[in-house]
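The structure under discussion appears below in the form of structure tokens.
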Amino acid sequence: DSDDACPNDPADDADGDGVCGDVDTCEGHDDNADADGDGVADGCDVCEGGDDSSDSDADGTPDACDADLSLHAGNNLVSLVADPADGSVSALFSDADLLGIIGEGSAAVSIDGSWYGSLDGLNTSSGYWVQANSDQEVSVTGLPANDITYTLHDANNLLSYPYSSSQALGDALPDAVEDEVFAIVGEGVASINLGGLWAGSLSDFD
């Protein structure tokens, strides 16, 4: 008994991960392997690469993998928080009641349940105007959109904000990039850059 590493567990450590079975949080897998550092072993990770403990809408899908869209009737400015396995317009919006989707330089329109136009699919680096016929929820899940490189051109860029947590404009933008940004426009809100100070109704990326 004095040498028993697992005194409350007669089966000791069945999966051989060095964690006693009675306190093993991921039985059958290595409890010590946690590549994304969220406290959940890789073998039991629901959202690989994201924080499994953060699920603000309590739907069972962690925020970092939850790209659900809450649309209101009319025009909605959206982007994807997670990268779905199939990002095609027809797959993402198969059951949605939409008029069309507008990207930067591309668009698609729904006619009798089929999609037509130059916009084939959505990606995590772009923003989109989604024209909805009614208030609705569109369920979208995928892998976290962690590292994205944006290539900005002169004038207007329609970009995403692919993270589940909000950030102030000045905190999110690197200083060298912030100096080059004249203004940022969201859905019904906007701010202008006055020498590194943001003035307007838009204060955070969401």
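Counting only other residues whose beta carbon sits under 15 Å from that of A73, what net charge do I get with K and R as +1, D and E as -1?
-4
For segment 98-108, take each phi angle, set θ = phi - 60°, evaluate the Karplus expression 6.51 cos²θ - 1.76 cosθ + 1.60, and give the result in whole Hz per residue in order, putting x for glycine and proline.
Result, rounded to whole Hz: 10, 8, x, 9, 10, x, 7, x, 8, 7, 9.
Can you work out ³J(HN,Hα) from phi for every residue in segment 140-147, in order, using Karplus 6.51 cos²θ - 1.76 cosθ + 1.60 and θ = phi - 60°, giving whole Hz and x for Gly and Pro?
Values per residue, Gly and Pro as x: 9, 10, x, 7, x, 8, 6, 10 Hz.
To the nearest 0.05, how large is the calculated FRET efficiency for H153 and A58 if R₀ is 45 Å and r is the Cβ-Cβ distance?
0.65
Which distance in nm do the two modelled labels at D86 and A183 give, with both placed 7 Å along the Cα-to-Cβ direction?
Here the answer is 4.1 nm between the modelled labels.
Quick one: net charge of Q136's neighbours, Cβ under 10 Å, K/R +1, D/E -1?
Taking every Cβ under 10 Å from that of Q136, the sum is -4.
As a check on your grasp of the helix formula, calculate [θ] at 222 nm for the chain: sum -39500 (n - 2.57) over DSSP H runs of n ≥ 4, divide by the residue count, round to the nearest 500.
-1000 deg cm²/dmol
Amide H neighbours of D12 under 5 Å, at least 5 residues apart or on other chains, H built in the peptide plane: list them.
Those qualifying (amide H under 5 Å, at least 5 residues apart or on another chain) are G21.
Please list, in chain and number order, the residues 5+ apart from L159 or on another chain whose amide H is under 5 Å from its amide H, with Hs placed from the backbone.
Amide H neighbours of L159, under 5 Å, 5+ apart: G127.
Among 181-189, 121-129, how do they line up from the highest to the lowest mean number of other beta-carbon atoms within 10 Å?
For the peptides 181-189, 121-129, the packing ranking is 121-129, 181-189.
Tell me the carbon and sulfur percent of the accessible area for the chain, rounded to whole percent, probe radius 1.4 Å.
48
Might you tell me the accessible area per residue for the chain, computed with a 1.4 Å probe and given in Å²?
The answer is 58 Å² per residue.
D175 to L77: FRET efficiency via 1/(1 + (r/R0)^6), r the Cβ-Cβ distance, R0 35 Å, to the nearest 0.05?
The value I calculate is 0.85.
Go ahead and run the numbers for FRET between E104 and E48, Cβ-Cβ distance against an R0 of 35 Å, rounding to 0.05.
0.75
For segment 52-168, calculate the relative contact order in percent as a whole number, restricting contacts to Cα pairs under 8 Å that are 6 or more residues apart.
It rounds to 36 percent for segment 52-168.
Kindly write out, for segment 51-63 in residue order, the coupling ³J(HN,Hα) from the Karplus curve 6.51 cos²θ - 1.76 cosθ + 1.60 (θ = phi - 60°), rounded to whole Hz, with x marking Gly and Pro.
Whole-Hz 3J(HN,Hα) from phi for segment 51-63: 7, 5, 7, 9, 9, 5, 9, 6, 9, x, 10, x, 3.
The values are calculated or read from the model by the stated rules, or taken from the named source; none is laboratory data. Everything numeric here is computed off the predicted structure, so don't read it as measured data. We place every Cβ from the backbone using ideal geometry, glycine too, and count neighbours over all the protein chains shown. Please note that ligands, DNA and RNA were not included when accessible areas were found on the heavy atoms of the full protein model with its side chains. Shrake-Rupley method; radii C 1.70, N 1.55, O 1.52, S 1.80 Å.
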